[in-house]
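Read the structure below first, then the notes.
Only the coordinates and a few stated rules stand behind these numbers; no lab work does. The shown structure was predicted, so the numbers you read here are calculated from the model rather than taken from an experiment. Positions of Cβ are generated from backbone atoms using ideal geometry, with glycine treated the same way; all protein chains shown enter the neighbour counts.
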Ligand code: FAD
Ligand code: UDP
């Protein structure tokens with residue numbers, strides 16, 4: 001008999017499993033339908049012995065010392081600042097757009113002050129800024145929007161940027177200086193021995209049992225536990241009662257080449273050409289030395305595993321309906337990117353999981369009088 005059933009062994013589920021087992025001595029069963037832990041952050045050595053990320057490039061970055069210190073219990077780190085180039089007008093230029101991007105693309109020699117003026121002359125007045133198109137056009141104008149954002153976003157999300165919340169393209173800043181780092185966060189690192197090793201350390205506790213290749217849907221009528229943490233898609237938990245929440249998916253094409261390097265930086269974006277959005281070359285991220293090199297091409301798609309919640313007003317409204325149902329489940333906590341339908345980075349999911357743990361710990365001082373939940377009924381079936 002377990003105190004907790006945790007569905008999903010990604011960041012959300014694994015952080016909570018670790019906290020509940022280590023801090024409260026609770027007994028935890030954590031399941032995942034995939035054959036591995038670590039969720040989308042899963043990495044492994046491929047058949048050529050190169051460390052790759054199965055679900056695309058994952059770079060850890062945060063401004064929170066608390067989150068970084070927490071994860072540092074389970075891994076040492078390799079300092080790494082992420083740099084990205086985009087192929088635009090057949091040139092490879094830095095992204096986020098910065099001083100060098102504009103000077104290289106247009107053959108100019110602007111200073112930062114001149115570039116700020118250059119942007120102002122092209123920026124369109126948009127008030128209020130609502131969509132992902134508005135954000136970019138109001139900062140740098142329509143031409144750069146079309147070169148860097150329109151095509152990439154249409155590929156990535158299957159809709160026009162004008163139909164996406166501003167928060168999507170607002171993730172990528174615009175700079176007038178020469179800073180070519182993709183992220184501006186204070187702390188930027190890669191786990192020294194990979195994400196999966198970090199997760200193994202996190203879940204290595206006698207009170208934690210891990211069951212892989214186990215879908216909650218297949219065991220929800222059988223398994224015995226007191227309380228649950230659910231980190232899968234929230235609409236699935238409730239039998240899609242209010243209709244499906246869209247999650248954007250990706251197809252990953254992994255290749256290994258018989259040469260040492262393929263590209264100058266870890267990620268090259270293709271906003272204008274090709275069906276794929278970006279190519280990742282892992283050795284830049286991991287620092288591994290190897291005579292060959294492994295790459296991943298990302299092809300966005302509507303079907304497949306859910307990777308991205310799609311930030312649009314109608315989706316948020318539907319999510320709120322599910323969130324209301326979730327509030328009526330006092331013994332289930334919904335945590336993570338899929339269960340709270342938030343376009344969260346890894347550090348944000350860790351922060352959300354740590355906050356959830358604090359709430360649980362305050363609300364449930366002990367399991368002495370807790371009722372046993374078994375089984376957990378399927379939606380639409382008997383509540384008796
Ligand atoms: P997940 O990692 O998705 O884990 C949920 C787990 O639940 C999955 O393993 C799934 O198999 C399991 N599950 C779902 N339903 C069921 C069920 N019914 N039964 C059993 N198991 C179930 N973040 C960054 O900070 N930096 C990056 O560079 C970065 N790059 C990214 C690149 C890509 C291509 C993607 C898709 C995401 C990226 N992220 C990045 C985001 C990062 O992946 C997420 O923030 C993080 O993995 C979310 O953790 P989670 O536990 O909420 O979800
Ligand atoms: N984006 C773009 N062109 C780029 C980079 C990003 O249009 O060269 C847009 C696109 O809509 C993307 C979003 O900005 O989905 C956020 O980019 P980010 O790199 O944060 O995406 P993620 O790594 O989460 O896939």
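Structural remarks
- Viscosity 1.002 mPa s, 20 °C: Kirkwood-radius Stokes-Einstein D of the stretch 1-56 over Cα pairs, µm²/s: 173 µm²/s
- Inter-part distance, the stretch 179-226 to the stretch 1-57, computed on C-alpha centroids, equals 3 Å.
- Percentage relative contact order, the chain, counting C-alpha pairs under 8 Å, at least six apart: 25 percent
- For the chain, the extents of the C-alpha atoms along the principal axes are 71, 50, 35 Å, listed from largest to smallest.
- When only alpha carbons of the stretch 212-362 are considered, Rg and Dmax amount to 19.4, 56 Å.
- Axis angle, to the nearest 10 degrees, between helix 112-122 and the longest C-alpha principal axis of the chain: 80 degrees.
- Convex hull per residue volume in Å³, alpha carbons only, for the stretch 44-143: 199 Å³
- Acute angle (nearest 10 degrees) that the helix 313-327 long axis makes with the longest principal axis of the chain, alpha-carbon atoms: 20 degrees
- Using just its DSSP H runs of length 4 or more, each adding -39500 (n - 2.57), the chain gives a mean residue ellipticity at 222 nm of -8500 deg cm²/dmol after division by all residues.
- The per residue volume of the convex hull around the alpha-carbon atoms of the stretch 113-240 is 212 Å³.
- The stretch 9-84: relative contact order as a whole-number percent, Cα under 8 Å and 6+ apart: 20 percent
- Of the residues 187, 257, the one with the fewest other Cβ atoms within 10 Å heads the list, and the complete ranking is 257, 187.
- Potential extension, residue 224-residue 192 segment - 0.36 nm per residue separation minus Cα distance: 7.8 nm
- Within the stretch 279-310, backbone nitrogen closer than 19 Å to the virtual label 7 Å beyond the Cα of residue 257 toward Cβ: 279-299
- For the stretch 183-257, convex hull volume per residue from C-alpha positions, Å³: 246 Å³
- Within the chain, percent of DSSP bridges classed antiparallel, to nearest 5: 65 percent
- Taking the fewest neighbouring Cβ atoms within 10 Å as the starting point, the ordered list for 150, 213 is 213, 150.
- Inter-label distance for residue 242 and residue 125, nm, one decimal - labels placed 7 Å from Cα along Cα-to-Cβ: 3.9 nm
- Sorted by Cβ neighbour density within 10 Å, fewest at the top, the residues 129, 135: 129, 135
- Projecting label points 7 angstrom from Cα along Cα→Cβ for residue 113 and residue 329 puts them 5.9 nm apart.
- Here's the picture: a label point sits 7 Å out from the Cα of residue 363 along the beta-carbon direction, and within the stretch 315-333 the residues with their amide nitrogen under 19 Å of it are 320-333.
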